[in-house]
Structure formats: structure tokens, C-alpha cells
Amino acid sequence: MKLTRLSLVLSAGLFMLITSSCDKGKSVTDGAEAKADRLVAQMTLDEKIGQMSQLDLGYFMDPEQLKQAVREGRCGSLLNFLGVEQVNEIQRIAVEESRLGIPLIIGRDVIHGYRTVFPIPLGMAASWNPEAVRKAFRISAVEASSDGIKWTFAPMIDITWDPRWGRIAEGCGEDPYLASTLAAAMVKGIQGDSLTDPTALAACAKHYVGYGFAEAGRDYNTTYIPEPLLRNVVLKPFHAAKEAGAQTFMSAFNDLNGIPTSGNRFTLKKILREEWGFDGFVVSDWASVTEMVNHGFAEDDKQAAEIAINAGVEMEMATTSYYANIKALLDEKKITMEQIDDAVRDILKVKYRLGLFDNPYTDPEAGKRILDPSFLDHARTVARQSAVLLKNEDAALPLSEDKIASVAVIGPLADAPRDQLGTWCFDGRAENSVTPLKAIRDLLGDKKVNYVQALAYSRDKSKANFSAAVAAARRSDAVLFFGGEEWILSGEGQSRGEINMPGAQTELLEALAATGKPVILVIMAGRPLAIGREIELSDAVLYAWHAGTMAGPAITDLLFGKESPSGKLPVTFVKGAGQIPFYYYRNNTGRPASDETWTPFDSIPTVNPQSSLGYRTFHLDYGYTPLLPFGYGLSYTTFKYSDLTLSSQVMKIDGTLTVRARVTNTGNMDADEIVQFYVRDRVGSITRPIKELKGYNRLRISRGETTDVEFTLTAADLAFFNGRGEVTEPGKFDVWIGPSSEEGLHADFILE
Ligand code: BGC
């Protein structure tokens, strides 16, 4: 056995250090503050109000009205306005025809790619590869900036425990540490090395904050989040985004503990400004200011504007309550001119930092790199690294292109170019998608591929084409079933009550499994689906999410063993909607369940004396474990974890502790393994989670080779908010290094 002495260090503490040392666009050093100050001093109140207003093109029925508004300085930003010529023309009017020549900032949602579409963010999170994610967002920024966009409403970093929530697709899943590392990577990708680079966009950390905790997963719903949960979990990725230099934050739609987040001084002023020192600007979400009337928090739009301005929302998106009411609110002394000046200064600072005053225009030649082959290559790599192998019985995968005589390609998503792009995809085009059917035909040749779509779309219930699908399966060596969800079933306003495979897909799978041919199920979806039955029916299951433009080639690479699957779940998969919420960093309860204390549903006696079912934390029907745990994912090779060692049994509170292990590729293929590092604080002043991710590393390990991996802890990594303050408490801790949140080598240490 060859031993590679490649020592990889990933310290959770180090991560924060790296992110905080990069370009934060700080006003102290960049002069933007002073320039903004000088400009504010010259502005009329109307011009100031204009800077605080962001309008959508749809607001202006007539393009001439828009031009006139810009000429008069009545709007500081536009969204959903693009195209080099259009943007340059409107910018020319702002710069040359408005009194002070203040450039516009053009915003757009570029959530997981512009023309080159990457996997949905939840899919990218499954790659556990911040560098690949950074590069994906860099590419997106290069493409988007070539169309005149200078600001994107990304990253979307809402933690959620609820797969019913349609917007789970847009975020990084359930874990605060994984989401924080990816949030920082996304911000760095969007903003690039220097904000004045023409390809840099300003990032916008959204939705601040708590939106992912919508009750019952119904979008826009009320959230109740106790402060320890808010600070220990929900705020973490936002803090990481701020530390990575995110120039803007978006206040959310949701009501948080009774105070809508677009009128919430505690989160916007106390935490974001006072505690974190954020010095960019805050934009509202679409109409989230005036929606405070619906929330029952403001009487009318005017009061909504007052509340939002007092809470620190500096730019209003899409609605015009600022425009209509600021003057009256000033006259009535409900807000102050100082607040208006502060808001305008923050907005102008970002415009200065982006170099918009020096170079307001977009180079018409910049678009030449759109869909550059290197971009598509990266989209293929990220899609490959995002797919998670959930089952592989008897090594059903990979298929061998030489040995296989023919495959049946079945299902509603085998050739669905728009669906594979996923939600929040304004600019990706179906005609650029390479579907799995196309990629498999390219690899094997048309003759070896027996294609029957069978279901026209994922919700299709018609069984009319089942017999053709079964016939295709019978004359093939293996069945590749591409199912899941259409893109429209996830995303904003697209929550589901059930999270099963829609339509007649499961029945089709049953019919295919009955042929006795190996059935490979590839799921393309915007959320974790409850697929226990479908896993049982299949020999192998690959969870590919909505994987973007290059989904087809990426999935084909994996099915035919050009590369091993390596993604790991960024979110717990539940058995059914009734098990929600189920997240790995839950607390233990006074009565945790175990195999010994749980009676399987079908074994419950019919004559049952009170007291016999265990009195533990479980569901009679679901049991006490999820369908699949956080961090789970298989490979075509096998990895053995060994030799867990600690630098010491005792960690001093002002010191560090290094935890090491060895990982050996014991199988037959070179592959990546995502090594995970978890900690448990045994006793706390508030109860502590049974496990918390504190580090991870995606490692390439050749077959037969061993890699050393190490993670270093500092006291800051063990700190938590206990309701009164941030504390690191001495005592006993567990550590694990392993392949998922449920497996791993274990040791413990004392913090003193
Ligand atoms: C969404 C935001 C988005 C905005 C602008 C809203 O409906 O919640 O995420 O950035 O629209 O498109």
C-alpha cells in the first residue's frame, strides 16, 4: 500500500481568519465614504429619495417615463433591466442628463448561473467544495456583468429544516457551518478579487433573516425563532457573508417573532450594524416594506415606510412607499434627515466601490465569453460533484459502455431541458441544456438507447405508455429512470405539503422493477424527496438535483464510471412530510430512542397494555431515524477511516486541539471523499446539539492510497450563544471524523 503523506489542515478557526482578511470594501481605506459624503451634501431631497428607490422595468408602462425618471434622479437602481445597449443608454441618461450624474446600479437575480447554469444552490452545497462554488459564482458574475448587471441578489443563504418549503432549492441546506463556508465562497465569487473589476458584481446576502423557518414550509409564513437558535444557526451564514465582504443585505418577507424582518431593528440595527459593523446598504425584498400592512404591523404604506426606514432598510425594492411618503414623514418628524443621509451615503459608497462613477458603462464586447467552453466544463464538474449516490446494490453502477448492449432510458426528466435548469433561472435557456438522453446517446450511439418517456411530465398520472416503457426495459440490459420533480414544483411560492415523487412515477418504477432488469433511478429535483419506496424498488439511486445546463453529460459521466459520485447530503432526508423537522444537530431530549426502545409499527401488539411502547422520542410509523442522514453519500470505491488521534486529552481554553485521522481508499477507483469533522459539547448552560459540524475537507484519494487529515479546534469554534451571551464552557467534548453525520471514529477530550 502506497502512503501519501499529504497533510491537509482545515481549521474551523482558520476559515474565519481567511474570510476576514480579504477585501471587505471598508470605507476607512477606500475613500468611498468621503466621496459619498461630498455628494450627499450636494443632493436635493428628491435626489436622495431617488437613490433609495429601486424600480422594476414593469413599473414604467412607457420607456420614456423611465428615462424621464432617471433624468430627474427619481430612481437610483433598476432591477430586471438588462442588455448592453439598453443598460448603456439608461446609464448614459443617468450620468450625462441627470443633475449630479449619479450612475444607476442594475440588479438581477443570478442565483445559480446566468447563461451557463450550475446546479441549484442546494445541489452545489452537496459538493462540499467551496472553491468550485466560488468559481461557479465567478463565472456567473462574468456572464451577468457582460449584460450590464452590477449587483446580484445572491447568495441566498437561508438555513431551513423544511423540504416542503419550495425555496430550500435556493439555499445551502440545514447546516450553519457548511452554509457559512459556502456563503463566503459565493460572495468571493460574485465580487471577485476587486470590486472595481468590470466583472465584479455587488453581492446581496438574503433573506435577512429567518425566512427558511416559515411555519409548515408555506412560503412567506410567520417564523418564530428563539434567540439562541437565531444566533447559533440562522445568522451564522449571514455573518460569514458579511465577513467575506458582501456589500448589501436584503431584508426578508417574514415576520420574525412578531416583528416583520423588513421592520426589525433588532436584526437590522443591533445585530447587523452595531454588532457586526456592516457598512454596505440594506435593500428590502420585493414589496416587503408595504407588505407590513398585510402583516398587521403598519396601518398603511406611509407607516410601513416609516417603520422600514427607522429599522434601517435603505432602499425599497419595487414598491414606492419611500418615494411617496419620505417628505411627509420628515415634516412630521417621524424620520430624520440624518437617517436619509446615512442611507444615501451607504448606497453611494457601494456605487463608488464598484467603480461605477469612473466606469459606468458595459463594454459591448464583454459578452463574447458567454457559454465559454471552459464555463460549461466547470458546470459539468460542479454538477458531477453535486450528485449524491444514495444506493448501489451489488455494484449496479457504474455501467460499462463496452459491455452493455443496450439501455432503456425512461422517465419524464430524461429529456427535459428546461426542468434540469431548476428554479430561479431567468436567463438560462433550455436550448443550451444538454439532457441526459442526449449525453447517453452521444456516448453509446442511438442504436443502443431505447428511449420511452412514458410520463410527459413529473405530475403525469397517465399509464397509457407504461407498456411501451416495460417493453423497452425487457429488451435492454439495464433501465435508467429519470424522475423527480419539474422545476416549477420548487422555488419561490412553490411549497408542497407532500414531498413524494409526484404523478404515476412510483407506479412506473414498480412496473419497471418487475421486469427483473437492474433499475437505476436518477432523481432530478429541487428538494429532498421522501423516496423510501423508490429506493427499495431500485438497484441504484443517484440524486442529481436540478443540475443545470450540463446535467446530462455530468450524470452520464457518473453512470458510466468516468468519475465516481462524491456528493454528500447537505440536508437530512426524511421518510415523509410528517417527520419534518428532522435535522442532525437536534438536541438529545430526556428520552432519546434507540433500536432497543422502539417497536416497529407492524410489531405493535393488538392487545397492548398501557406502557409497552417505550415512551421515547419517535414516531410509531417512522421510527426514530431519518431516511438518510446529513452528510451521507456513497462512492464507487470504499474508504476506510483509521487512527484517530488527538494532540492532547486536554485542551486549554486559550489553546488549540488538533484531531487527526487517516483515510484509505480501499476500493478500485481513484475518487474524492468528503471527510467530516463533528463535535459534541456534552453539558452546557443550555442544552447542546448531539453533533455539530466543525470542519470538512473534500480529498482526492487514489486507490490503495492513504491520506492524513487533520482539523484544528480553537475555543472560538466551541463558542455558542446561551441566551445571555457568547460563551465557551469548559467540560467534556466528543469528536468524530467520518464519512457522514452518523458514522465516524470517535474520541473525547476535556476543555479547561
Ligand atoms: C425574492 C427575492 C428576489 C426578488 C427580486 C423576490 O420575490 O424573494 O429573492 O431577489 O424577488 O427578484
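Note on segment 238-268: residues that are out of contact with any Lys or Arg (no Cβ under 6 Å at 6 or more places or on another chain) and within 16 Å of the ligand (Cβ to nearest atom) amount to 15. Could you check, for segment 649-656, whether at least one of its residues is in contact with a Ser or Thr (Cβ under 6 Å, 6 or more places away or on another chain) and open to solvent by 40 Å² or more (accessible area, probe 1.4 Å)? Yes: one or more hits. Listed by first and then second residue, the pairs linking a residue in segment 598-619 that is exposed (fewer than 10 other Cβ atoms within 10 Å of the Cβ) to a residue that is modelled with pLDDT under 85 and in a loop (DSSP other than H, G, I, E, B), with Cβ atoms under 8 Å apart and 6 or more places separating them unless they lie on different chains, are PRO605/SER612.
May I ask you to say which residue of ASP346, ASP363, ASP342 is under 17 Å from ALA200 (Cβ atoms) and charged (D, E, K, R)? Before you say what the answer is, go through the steps one by one.
On the way: ASP346 fails: under 17 Å from ALA200 (Cβ atoms); ASP342 fails: under 17 Å from ALA200 (Cβ atoms).
Just a single option satisfies the conditions, and that option is ASP363.
Within segment 208-232, the residues that satisfy the criterion of being within 16 Å of the ligand (Cβ to nearest atom) and open to solvent by less than 10 Å² (accessible area, probe 1.4 Å) are TYR208, VAL209, GLY210, TYR211, GLY212, ALA214, GLY217, THR223.
Yes or no: segment 59-75 includes at least one residue that is within 16 Å of the ligand (Cβ to nearest atom), modelled with pLDDT of 95 or more and at negative phi. Explain how you work it out, then say what you get.
Filtering segment 59-75 down to residues within 16 Å of the ligand (Cβ to nearest atom) leaves 59, 75.
Then drop every residue that is not modelled with pLDDT of 95 or more, which leaves none.
So far as segment 59-75 goes, no, none of its residues is within 16 Å of the ligand (Cβ to nearest atom), modelled with pLDDT of 95 or more and at negative phi.
Residue count for segment 102-137 satisfying the condition of being assigned to a loop (DSSP other than H, G, I, E, B) and either at pLDDT below 95 or open to solvent by less than 10 Å² (accessible area, probe 1.4 Å) (or both): 13. Apart from one condition, LEU235 fits all of (1) within 16 Å of the ligand (Cβ to nearest atom); (2) within 18 Å of the chain's Cα centre (by Cα); the exception is (1).
Could you check segment 307-332 and list, in sequence order, the residues that are of a type in the set (Gly, Ala, Ser) and open to solvent by 40 Å² or more (accessible area, probe 1.4 Å)? Even if it seems obvious, please write down each step before you answer.
In the first step, residues of segment 307-332 are kept if they are of a type in the set (Gly, Ala, Ser); the result is 308, 311-312, 318, 321, 324, 328.
ALA324 - this is the single residue of segment 307-332 that is of a type in the set (Gly, Ala, Ser) and open to solvent by 40 Å² or more (accessible area, probe 1.4 Å).
Taking (1) buried (at least 24 other Cβ atoms within 10 Å of the Cβ); (2) away from the ligand (no atom under 16 Å from the Cβ); (3) of a type outside the set (Val, Ile, Thr) in turn, GLY422 satisfies each apart from (2).
Filter segment 56-101 down to residues that are assigned to a strand (DSSP E or B) and open to solvent by 10 Å² or more (accessible area, probe 1.4 Å), then give me how many there are. Spell out the reasoning first.
Looking only at segment 56-101, we keep the residues that are assigned to a strand (DSSP E or B), and these are 56, 77-79.
Checking the rest, the ones that are also open to solvent by 10 Å² or more (accessible area, probe 1.4 Å) come to 56.
Residues that pass the stated criteria total 1.
Scan LEU356, LEU371 and give me the residue that is in contact (Cβ under 8 Å) with a residue 12 or more places away in the chain, in a loop (DSSP other than H, G, I, E, B) and farther than 26 Å from PRO130 by Cα. I'd like the intermediate steps shown before the answer.
Details: LEU371 fails: farther than 26 Å from PRO130 by Cα.
When all the criteria are applied, what remains is LEU356.
Evaluate the following for SER180: is it farther than 27 Å from ALA343 by Cβ and buried (at least 24 other Cβ atoms within 10 Å of the Cβ)? Yes, satisfied. Scanning segment 131-155 for residues that are without any contact (Cβ under 8 Å) to a residue 60 or more places away in the chain and within 15 Å of the ligand (Cβ to nearest atom) yields SER140, THR152, ALA154. Close Cβ contacts (under 6 Å, 6 or more residues apart or on different chains) running from residues in segment 66-86 that are within 19 Å of ILE326 (Cβ to Cβ) and assigned by TED's automatic domain parsing to the domain that holds ILE105 to residues that are acidic (Asp, Glu) and modelled with pLDDT of 95 or more comprise GLY73/GLU47.
Among the aromatic types (Phe, Trp, Tyr), outside any loop (DSSP other than H, G, I, E, B) and at pLDDT 95 or above, is that true of PHE238?
Values: among the aromatic types (Phe, Trp, Tyr): yes; outside any loop (DSSP other than H, G, I, E, B): yes; at pLDDT 95 or above: yes.
Considered against the rule, which asks whether it is among the aromatic types (Phe, Trp, Tyr), outside any loop (DSSP other than H, G, I, E, B) and at pLDDT 95 or above, PHE238 comes out as yes.
Please work out which residue is least open to solvent (accessible area, probe 1.4 Å), limiting yourself to segment 333-353 and to residues that are farther than 23 Å from ILE149 by Cβ and part of a helix (DSSP H, G or I). Checked segment 333-353; the qualifying residue least open to solvent (accessible area, probe 1.4 Å) is ILE340. Looking at ILE271, ILE307, just one residue is under 17 Å from ILE340 (Cα atoms) and more than 16 Å from the ligand (Cβ to nearest atom), and that residue is ILE307.
A residue that is at pLDDT 85 or above, open to solvent by 40 Å² or more (accessible area, probe 1.4 Å), away from the ligand (no atom under 16 Å from the Cβ) and over 30 Å from PRO417 (Cβ atoms) cannot be found anywhere in segment 9-31. All told, ALA472 falls short of being open to solvent by 10 Å² or more (accessible area, probe 1.4 Å), assigned by TED's automatic domain parsing to the domain that holds GLY411 and over 26 Å from the mean Cα position of the chain (by Cα). From the list THR707, THR625, THR637, the lone residue that is at pLDDT 95 or above and under 30 Å from ALA593 (Cβ atoms) is THR625. Among the residues examined, ALA324 qualifies as closer than 29 Å to GLN42 by Cβ, part of a helix (DSSP H, G or I) and more than 16 Å from the ligand (Cβ to nearest atom). Considering only residues that are without any contact (Cβ under 8 Å) to a residue 12 or more places away in the chain and either closer than 22 Å to GLY58 by Cβ or in a strand (DSSP E or B) (or both), which ones fall in segment 284-306? If the condition is that a residue be without any contact (Cβ under 8 Å) to a residue 12 or more places away in the chain and either closer than 22 Å to GLY58 by Cβ or in a strand (DSSP E or B) (or both), then VAL293, ASN294 are the ones that fit.
Kindly establish whether ASP158 is within 13 Å of the ligand (Cβ to nearest atom), part of a loop (DSSP other than H, G, I, E, B), touching a residue at least 12 places away in the same chain (Cβ under 8 Å) and open to solvent by 10 Å² or more (accessible area, probe 1.4 Å). Write out each step before concluding.
On the way: within 13 Å of the ligand (Cβ to nearest atom): yes; part of a loop (DSSP other than H, G, I, E, B): yes; touching a residue at least 12 places away in the same chain (Cβ under 8 Å): yes; open to solvent by 10 Å² or more (accessible area, probe 1.4 Å): no.
No, not satisfied.
Under the condition of being more than 14 Å from the ligand (Cβ to nearest atom) and either under 9 Å from the mean Cα position of the chain (by Cα) or open to solvent by 10 Å² or more (accessible area, probe 1.4 Å) (or both), the residues counted in segment 163-176 number 4.
Consider segment 183-207 and keep the residues that are of a type in the set (D, E, K, R) and open to solvent by 10 Å² or more (accessible area, probe 1.4 Å). The one that is farthest from the ligand (Cβ to nearest atom) is ASP193.
Looking at segment 282-294, is at least one residue away from the ligand (no atom under 16 Å from the Cβ), at pLDDT 95 or above, more than 25 Å from the chain's Cα centre (by Cα) and closer than 22 Å to THR223 by Cα? Yes: one or more hits.
The values are calculated or read from the model by the stated rules, or taken from the named source; none is laboratory data. These numbers come from a predicted model, not from an experiment. Positions of Cβ are backbone-derived with ideal geometry, glycine not excepted, and every protein chain shown enters the neighbour counts. To get the accessible areas, we keep the full protein, side chains included, count just its heavy atoms, and leave off ligands, DNA and RNA. Shrake-Rupley method; radii C 1.70, N 1.55, O 1.52, S 1.80 Å.
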